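Undergrad: I'd like to ask some things about the structure below.
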Amino acid sequence: MLIFGRFYLLLSVAYTERFDIIVVGAGHAGIEASLVSARCGYNTLILTLNLDNIGQMSCNPSIGGLAKGHLVKEIDAMGGEIGFLADKTMVQFRMLNRSKGPAVWSPRTQNDRSRYRQEAQKALINQKNLIIKQEEVTDILMENNEVFGVRTGIGNEYYAQAVIITTGTFLNGLMHIGLETYIGGRLGEPRASHLSESLKRLGFNLGRLKTGTSPRIAKDSVDLSKMDIQDGEEPIEPYSHRTPDIKIEQLPCYITRTNEKTHGIINKNLDRSPLYTGRIIGIGPRYCPSIETKVVRFRDRDSHLVFVEPEGYDAGEYYLNGLSTSLPYDVQVEMLHSISGLENAVITRPGYAVEYDFVYPIQLYPTLETKLIKNLYCAGQINGTSGYEEAGAQGFIAGINAVLKLQNKNPFVLKRYEAYTGVLIDDLVTKNTLEPYRMFTSLAEHRLILRIDNVYDRLMHYGVDFGLINPQYYELFMNERKAIDRAIETLRKTIIKPEVINPVLCSKDEIPIPEESGGVSLLQILKRPDIHWDDIKIFFNEPIPERIGFRIEVEVKYEGYIKREQEMIEKLKKIENIEIPEDFDFNEIKGLSNEAKGKLNETRPKNLDQASRIQGISPVDILTILIHLKGKPGETKK
Ligand code: FAD
């Protein structure tokens, strides 16, 4: 078969070229993967179906949001691009969840869709070591279960030591508007029709998922005076450590609502909905349902919010967030015209659903390398996720692991207690997914530690080690860390007298300190829920920037919880550091598969952490080894 494949190559290859790493797809995953590879000095090729749509935001013109904002900050802290692109193109900034604890605060921006594309394209074009080509990849080339390149639709063959597939919603994409179906990967773009077959021939198990988007409408056809305004927030906090202060005139969003008439129109037309007539077989996103699903699922609700979002400074369209639909075009028009402010709305692009093939992520190692084929990686929506940020995080991890593999270095696998990115990938490769997976703060069991304010403490050292972060930035942030520690120590040591602090406490309706107490530390004062950094900063001799003040407050207020969480993590780490004797015989362990035994005997890990980082060794294997190492009470183990 393979010999035939090679023979076939000799006869029909139009053009060949060799690279170190090839990335298939220039969406949010492909951008990160290709930039990591090129920035680490590898000769990189990125292939995409349309050069003009690099970094296209297929759905809403927005980056970040709950838990997704965390992912953007994490990618940035490790040296990725999405946060920097989002900063350059934002038209509105908001910090979500401010009413809750800072662990779940998350930035969200509205972005200029077309400028985002331009900036993404610029980033790739200007990147040394990176070549961009518009060609459809039709086949993955492999020999002896190791990838060696790709073949494209025009017969070219590109060879590389590693290939990263990031094809989004394009594999066998089928779009639905009402009962009409259209072949394509995204509105106005062709689909990739051959790659799925190639992956199946290689032995991959593919599934089918579905996602949908909302109609876009002409800007001048909307009556904004009937809607609530949602302004951006100041000061703007950039996503990226590379972005200096952002000074822009922010654009507002507007809010309107569906009503009983809208719901009546939807209910009346369910027999023309591809979702409710069985035309769509792919499973859709549970947490981002279409408006028809919301109306059917929540029958008792007489209204759903619709956010009218600007597409950019010069754009002539609004995006209708909350109205994702695949109902027929005429129903979409009728539905919109029933909503306050949208009575005369003109649809510029209809809402639609797209079904596509995906690779069950259980077929991947935590490095995102496939278990079937060496040096072949998958990242982004192809792994069953949904969202730009989830795609970007995976693109970064696949990119850096491809690089580390070429450098014969240890793989890079983030732990669940280190980053949301770690949670995302661990969930995908250990639990698999049967529906579009999106990130939520509730999925992270250590979320108190995984905050956006400490993201550089958590992850920037990795970026420096990879050579992706300028060490000067790191030094800056480490100085900030030292300043915070110093300030907390000062707060702990500074005892403030009742007559000095009580006026502040009374002004905030707080219980004053008893006169006879002689005083209390500033740290104790700041621990009170209604006392903030702003209230006590006057007692500090040195000026402390607002941002650092906020970080001090978070660390002081949540000190007890953070300490408890850290202790739990330390226990986990202790388990990871449990040593495995040099002459330990893994064949003795009954619960391990032969494959695991083979790998462990071959690699000879020194401790459980090293064992957990071996490709193919699962958390269950680690637990099995741990139980064996510890032995039953009274029993001595080697
Ligand atoms: P994409 O951004 O899709 O990029 C894929 C890239 O691969 C493209 O550059 C394409 O040209 C290229 N490509 C594909 N096949 C080949 C090939 N064979 N050869 C060469 N190049 C190829 N996300 C949400 O969070 N919420 C939503 O509600 C939501 N709704 C969506 C609705 C629709 C209709 C669509 C299309 C997407 C939606 N998304 C939504 C998903 C979001 O757009 C994706 O999660 C994100 O863009 C995935 O990034 P990616 O890099 O994996 O793939």
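Undergrad: Would you check the accessible area of D585, probe 1.4 Å, heavy atoms only, in square angstrom rounded to 10?
TA: 60
Undergrad: I've got another one for you. Which FRET efficiency value, to the nearest 0.05, do you get for K537 and V13 by plugging their Cβ-Cβ distance into 1/(1 + (r/R0)^6) with R0 = 60 Å?
TA: On the way: r = 68 Å, r/R0 = 1.14.
The pair K537/V13 has a calculated efficiency of 0.30.
Undergrad: Further question: Need one number for region 431-510: average projected area of the convex hull over its C-alpha atoms, nm².
TA: Details: hull surface 40.7 nm².
Mean projected area for region 431-510: 10.2 nm², to one decimal.
Undergrad: When DSSP beta bridges are limited to those with both residues in the chain, what percentage is antiparallel, rounded to the nearest 5?
TA: Values: 55 of 78 bridges.
Restricted to the chain, the bridges split so that about 70 percent are antiparallel.
Undergrad: Here's another thing I want to ask about it. So between E249 and K482, what do we pick up on full extension, going 0.36 nm a residue minus the alpha carbon distance?
TA: On the way: separation 233, 0.36 × 233 = 83.88 nm, distance 3.46 nm.
Working it through step by step, the gained length comes to 80.4 nm.
Undergrad: Which loop chymotrypsin sites (Phe, Trp or Tyr not before Pro) in region 233-297, with loop taken from DSSP, have no more than 13 other Cβ atoms within 10 angstrom of their Cβ?
TA: Values: sites: Y239, Y254, Y276, Y287; in loops: Y239, Y276, Y287.
Here the chymotrypsin sites (Phe, Trp or Tyr not before Pro) that fit, given the DSSP loop and packing criteria, are Y287.
Undergrad: Another question about this same structure. If eta is 1.306 mPa s and T is 10 °C, what Stokes-Einstein diffusion coefficient results for region 522-567, Kirkwood Rh from Cα pairs, in µm²/s? If you can, show how the numbers build up before the last one.
TA: Values: Rh = 11.2 Å.
For these conditions, the coefficient is 142 µm²/s.
Undergrad: Within the set of other residues whose C-beta is less than 12 Å from the C-beta of S517, count the net charge using Lys and Arg as +1 and Asp and Glu as -1. Please report the intermediate quantities before stating the final value.
TA: Working: positive: K497; negative: E499, E515, E516.
Every neighbour counted, the sum reads -2.
Undergrad: Multiplying the sequence separation of K508 and I281 by 0.36 nm and subtracting their Cα-Cα distance, what value in nm do you get? Intermediate values should be presented prior to the final figure.
TA: Working: separation 227, 0.36 × 227 = 81.72 nm, distance 5.75 nm.
Difference between extended and current length: 76.0 nm.
Undergrad: Measure off 7 Å from each Cα along the Cα-to-Cβ vector at L629 and S521, then give the distance between these two points in nanometres to one decimal.
TA: Each label point lies 7 Å from its Cα, and together they span 3.6 nm.
Undergrad: Turning to a different aspect of this structure: Of all the C-alpha pairs in region 401-440, what % are more than 15 Å from each other? Could you put the intermediate results ahead of the total?
TA: Values: 402 of 780 pairs.
Counting every Cα pair in region 401-440, those more than 15 Å apart make up 52 percent.
Undergrad: In the P(r) worked out for region 320-401, what percent of Cα pairs fall beyond 16 Å? Before the final figure, lay out the partial values.
TA: Numbers: 2070 of 3321 pairs.
Of the Cα pairs, 62 percent sit more than 16 Å apart.
Undergrad: Going highest first, how would you order 172-183, 65-76 by mean Cβ packing within 10 Å? Present the calculation step by step, with values, prior to reporting the outcome.
TA: Details: 172-183: 18.2, 65-76: 27.7.
Most protected by this proxy first, the peptides run 65-76, 172-183.
Undergrad: For region 250-291, what is the Kirkwood estimate of the hydrodynamic radius, computed as the reciprocal of the mean inverse distance between distinct Cα atoms, to one decimal in Å?
TA: Values: mean 1/r = 0.0779 Å⁻¹.
Averaging 1/r across every pair of different Cα atoms and inverting gives 12.8 Å.
Undergrad: Give me the mean projected area, in nm² to one decimal, of the convex hull enclosing the Cα positions of region 446-557. The partial results should precede the final answer.
TA: On the way: hull surface 32.6 nm².
Across all orientations, region 446-557 yields a mean hull projection of 8.1 nm².
Undergrad: Classify region 125-174 as rounded, prolate or oblate, taking a ≥ b ≥ c as the square roots of the eigenvalues of its Cα gyration tensor: rounded when a/c is under 1.5, otherwise prolate if a/b is larger than b/c and oblate if not.
TA: Numbers: a/c = 1.57, a/b = 1.03, b/c = 1.52.
The shape class here is oblate.
Undergrad: While we're looking at this one, here's another question. Looking only at region 10-116, where both bridge partners belong to it, what percent of the DSSP beta bridges are antiparallel (to the nearest 5)? Walk me through the numbers on the way to the answer.
TA: Working: 9 of 13 bridges.
Given both bridge residues lie in region 10-116, the antiparallel proportion sits at roughly 70 percent.
Undergrad: Still on this structure: Relative contact order for the chain using alpha-carbon pairs under 8 Å, separation at least 6, rounded to a whole percent? Intermediate values should be presented prior to the final figure.
TA: Details: 1306 pairs, mean separation 98.3, N = 638.
Reported relative contact order: 15 percent.
Undergrad: For the chain, report the convex hull volume of the alpha-carbon atoms normalised per residue, in Å³, without decimals.
TA: Details: hull volume 123.9 nm³, N = 638.
Per residue, the Cα convex hull of the chain comes to 194 Å³.
Undergrad: Sticking with the crude label model, points 7 Å out along Cα→Cβ, report the distance from K571 to L51 in nm, one decimal please.
TA: Once both label points are built, they end up 5.7 nm from each other.
Undergrad: Highest first, please rank the peptides 319-329, 113-123, 348-358 by the mean number of other Cβ atoms sitting within 10 Å of their residues. Kindly include the intermediate steps, with their values, before the conclusion.
TA: On the way: 319-329: 24.5, 113-123: 19.7, 348-358: 22.6.
Ranking the peptides 319-329, 113-123, 348-358 by packing returns 319-329, 348-358, 113-123.
Undergrad: If you stretched the chain out fully between N470 and H304, how much longer would it get, using 0.36 nm times the residue separation minus the C-alpha to C-alpha distance?
TA: Working: separation 166, 0.36 × 166 = 59.76 nm, distance 4.60 nm.
Stretched out fully, the N470 to H304 stretch lengthens by 55.2 nm.
The values are calculated or read from the model by the stated rules, or taken from the named source; none is laboratory data. This one's a predicted model, so the numbers in the text were calculated from it and none came from an experiment. Virtual Cβ from ideal backbone geometry, glycine too; neighbours counted across all protein chains shown. Side chains included, ligands, DNA and RNA excluded: accessible areas come from the protein's heavy atoms. Shrake-Rupley method; radii C 1.70, N 1.55, O 1.52, S 1.80 Å.
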